[in-house]
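Asks: Can you keep this structure in mind? I'll have questions shortly.
The values are calculated or read from the model by the stated rules, or taken from the named source; none is laboratory data. For clarity, every value in this text was computed on a predicted model and none was experimentally measured. Cβ placement follows ideal geometry from the backbone for every residue including glycine, while neighbour counts extend to all protein chains displayed.
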Amino acid sequence: MKKFLNLLWIGAIAATALISSCNDDEGPVNEGPSRLIAQDWVLSEMNVKLEYDFDGIPVDSTFDAVESLEPCDRDDLFRFYEDETMDVLENGASCQGFNDGDVKAQGTWEFRDNNSIFIFSSPQLEIEDDLITDPELEEYTVKELSSNRFRLYSDTETSLDFRLGIPIDIRIEVDLIMKPV
């Protein structure tokens, strides 16, 4: 087991050296899981593009969803562990009865397809004051994972039942950017 871990570590170092030696013309940087678990992350941007607003009215709208979060949720830390679990921790401004450093949510994560796809689930999501406890897998394309940026992208088509009571097929694009703390 120790020999396997040593080989894994050497492989990670070699892959990092190979990726960091590439120039910018060769595509985005993706240093993989070792970079993700090396530091804590905070959400810096979540650019969302919608074809419909939440009343089902057609729009062509892009907004930064981080700005719609409560100030105490904007500075939460995302901590990823080697066992592919993750915690969302209260950081700085406290809310919802949490103190600095408290775990607010837990979930799992994984990379697929040679670290080009990032999937995570969180068993606790709060949407419009409703607590959702069923884990939902969210799949993103990794656009960049480096020491100073973790950028994910998702382009999803789904059917939502808006307030009109009629299901509408919509497309949601999310460009999610985290920065290290």
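Asks: In the stretch 57-111, what count of residues is obtained for those that are under 14 Å from the mean Cα position of the chain (by Cα) and small (Gly, Ala, Ser)?
Replies: Of the residues in that region, 3 qualify.
Asks: Now, a different point. What single numbered condition from (1) more than 17 Å from residue 154 (Cβ to Cβ); (2) in a strand (DSSP E or B); (3) touching a residue at least 60 places away in the same chain (Cβ under 8 Å); (4) not β-branched (Val, Ile, Thr) fails to hold for residue 91?
Replies: (2)
Asks: Still on this structure, please answer the following. Out of 61, 116, report the one residue that is under 23 Å from residue 155 (Cβ atoms) and modelled with pLDDT under 85.
Replies: The conditions single out 61.
Asks: Related question: Identify the residue in the stretch 70-86 that is free of Cβ contacts under 8 Å to residues at least 40 places away in the same chain and under 23 Å from residue 30 (Cβ atoms) and, among all such residues, is surrounded by the most Cβ atoms within 10 Å (Cβ to Cβ).
Replies: That would be 86.
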